[in-house]
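Only one structure is covered here, and it is reproduced in the block below.
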Amino acid sequence: MGEQTNGAVELRGYLSSPQGRQKKDIELLLPITELPKVPVFDLHITVDGHHVYRLSKDESARIVAKYVIRLARDAGRMLPEDEPKHLLDFLTFLFYHPDYPYEQILRSGNNPNTEDANFNTEDATFRYLSDAKIPVKYYTWTACVREIKKAARHYVVHDYASGAENPLIALPYFLQEMENRHGQEVPNILDITRLMRYVSEAVSGAYEAVSNALAERSEAPAAEDKFLSAYFAYGHRWMTFAKCTVPVNRPFIVTVEEKRAIYFEPERRLNRKPSLRSQRRKDAWQMVSFADAETNHVSIRVNDTAVRMGRPEVLTEDNKPFIGNVDEEESTFEVFLLQDSTRGRPERVYIKCPLRLTRLHSGMLWLTMFLTALGIFLLLNRGLSPVDMAPPHNPAKESTSLIDDGLTAKNATLILVPVAFAASFLLIRDSSTLSAWLRRIRQFILLIELFTLLAIAFTLLWIHHFRIE
């Protein structure tokens, strides 16, 4: 989560004191890692070999909100004397709020098969707030959101459910929780307007400073750049914290294991399906934290024996090529390893992993598709030729053309049985969800070919184009 100077100074001061030097272990609230706001399963965290449990997401979001406010103040934004009421609570629920109700409204107003990532979010937001019985200052609030989104495009990939990009979608949950926690002390419309303007001015002001520096071809102000990067990142991801006991006088290892759904695009799509272009490419995207420890080790494995991994590509958080050297990078068909300890490296990176079927499985699919197509051709070519049902009386006049003799039942069996068996075996073969996804187009073509082959065979038999010998 970056450097926390005040906390680090206090901790060093305590450890250097006589009381601190006597301790072998110390209990800390430790930031573990950032995780995407997508379903995560089987999350296991160990610190120094001991299993630990994460804090709840709302508690984590409050800690993150305090950190973002501190970064903003380091950049000369969100100063205490100008701070409106409820700022900490407001930022907390920007970084954590349920997005399913808003997503349902977006789904109802857009074509679920669209490839257009620019949904009409302003109309959906207005409807969402109206359904929640929140009086809307539409033009004032949407103007603030537009200023924030202008800066977001340069820091993160668009996410329709990010409260950092669109603070309005967090308002229903913000007001609900404020009423539950503070009784009648609920922000009114004027308070919300002040909060919206305050956050918008802080973000747009910092972005203007960064843009002006880049326009003059000078280095972007570090404080402003770090504030914007953290603010938008925590709209996409949530930081995992854990209370744990760590040794004082020796290094320790933090390990995080989790299973995630595979996404074939860097941004979340409304219908949770990749675009047609991404379906053809079959590149899996994973974002990982890459600067939250002295040294970061990342490993991605493919456990499916029918799937191989191409050469992964490392990209920055805003989906641009990663420029720089790493300590170690190794890639095989089954595993990708990445390790780096360089100071100043990006805090978060995307890893784009091309996924393909193994050559054996892919070759078997293509071969079976070819043989099935060949079987269709042979049935049509020979089965539709004239058939003489009577046996020839004059061997001298017997035709030497196989096509003129038509198709015998024996020949039809020779064509149908091996082809149909091979196609059926590949279609019903047990496969994982991932390998089934990768082969689904070719399986669909093979299924069409198989039913076409059987339909032609039954049709020829029905119209007596098989000669019985």
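The values are calculated or read from the model by the stated rules, or taken from the named source; none is laboratory data. Note that the structure is a prediction, hence the values are computed from the model and not measured. Here the Cβ is made from the backbone with ideal geometry for all residues, glycine too, and neighbour counts use every protein chain on show. All accessible areas refer to the heavy atoms of the entire protein, side chains included, with ligands and DNA or RNA removed. Shrake-Rupley method; radii C 1.70, N 1.55, O 1.52, S 1.80 Å.
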remark   = Those residues of the range 147-158 which are open to solvent by 10 Å² or more (accessible area, probe 1.4 Å), under 15 Å from Ala202 (Cβ atoms) and either modelled with pLDDT under 90 or in contact with a His (Cβ under 8 Å, 6 or more places away or on another chain) (or both) amount to Tyr155
ask   = Hey, does the range 342-350 have a residue that's of a type in the set (A, V, I, L, M) and modelled with pLDDT of 85 or more?
value = yes
inquiry  = Can you find a residue that is at pLDDT 80 or above and either polar (S, T, N, Q) or loosely packed, with under 11 Cβ neighbours inside 10 Å (or both) anywhere in the range 408-415?
reply    = no
inquiry  = Residue under question is Val314, and the condition is that it be open to solvent by less than 40 Å² (accessible area, probe 1.4 Å), within 21 Å of Thr358 (Cβ to Cβ) and out of contact with any Pro (no Cβ under 7 Å at 6 or more places or on another chain); does it hold?
reply    = no
request  = Pull up the range 305-364, narrow it to residues that are touching a residue at least 24 places away in the same chain (Cβ under 8 Å), assigned to a strand (DSSP E or B) and among the acidic types (Asp, Glu), then point me to the one that is farthest from Ile262 (Cα to Cα).
outcome  = Asp340
request  = Write out, first by first residue and then by second, each pair whose Cβ atoms fall under 6 Å of each other, whose residues are 6+ apart or on separate chains, and whose first residue, in the range 249-272, is at pLDDT 85 or above while the second is assigned to a loop (DSSP other than H, G, I, E, B).
outcome  = Phe252/Asp48
message = For the list (1) in contact (Cβ under 8 Å) with a residue 40 or more places away in the chain; (2) open to solvent by 70 Å² or more (accessible area, probe 1.4 Å), I need the number of the one condition that Ala222 fails.
response = (1)
remark   = Result of the Cβ filter at 7 Å on the range 28-56, keeping first residues that are on the phi > 0 side of the Ramachandran plot and of a type outside the set (A, V, I, L, M, F, W, C) and partners that are open to solvent by less than 60 Å² (accessible area, probe 1.4 Å) and in a strand (DSSP E or B), at least 6 apart or interchain, is Asp42/Glu258; Asp48/Val246; Asp48/Pro247
message = Among the residues in the range 201-218, are any in contact with a His (Cβ under 6 Å, 6 or more places away or on another chain), more than 16 Å from Ala65 (Cα to Cα) and open to solvent by less than 60 Å² (accessible area, probe 1.4 Å)?
response = no
inquiry  = Considering only residues that are under 21 Å from Arg237 (Cβ atoms), among the β-branched types (Val, Ile, Thr) and open to solvent by less than 30 Å² (accessible area, probe 1.4 Å), which ones fall in the range 52-107?
reply    = Val52, Val64, Val68, Ile69, Thr92
ask   = Given the conditions (1) at pLDDT 90 or above; (2) under 23 Å from Ala143 (Cβ atoms); (3) surrounded by 15 or more Cβ atoms within 10 Å (Cβ to Cβ); (4) not aromatic (Phe, Trp, Tyr), and given that Ala230 satisfies all but one, which numbered condition is not satisfied?
value = (2)
task = Quickly run through the range 159-183 and pick out the residues that are crowded, with 18+ Cβ neighbours inside 10 Å and not in a helix (DSSP H, G or I).
result = Asp159, Tyr160, Ala161, Ser162, Gly163, Ala164, Glu165, Asn166
request  = Please go through the range 307-334 and pick out each residue that is modelled with pLDDT of 85 or more and among the aliphatic types (A, V, I, L, M).
outcome  = Val307, Met309, Val314, Leu315, Val326
task = List the strands (runs of 3 or more DSSP E) that sit entirely inside the range 10-88 and contain at least 1 residues that are at pLDDT below 85.
result = 25-36, 40-47
query = Would you call Val288 at pLDDT 80 or above and open to solvent by 50 Å² or more (accessible area, probe 1.4 Å)?
reply = no
inquiry  = So Leu190 ticks every box in (1) touching a residue at least 24 places away in the same chain (Cβ under 8 Å); (2) assigned to a helix (DSSP H, G or I) but one. Which box is left unticked?
reply    = (1)
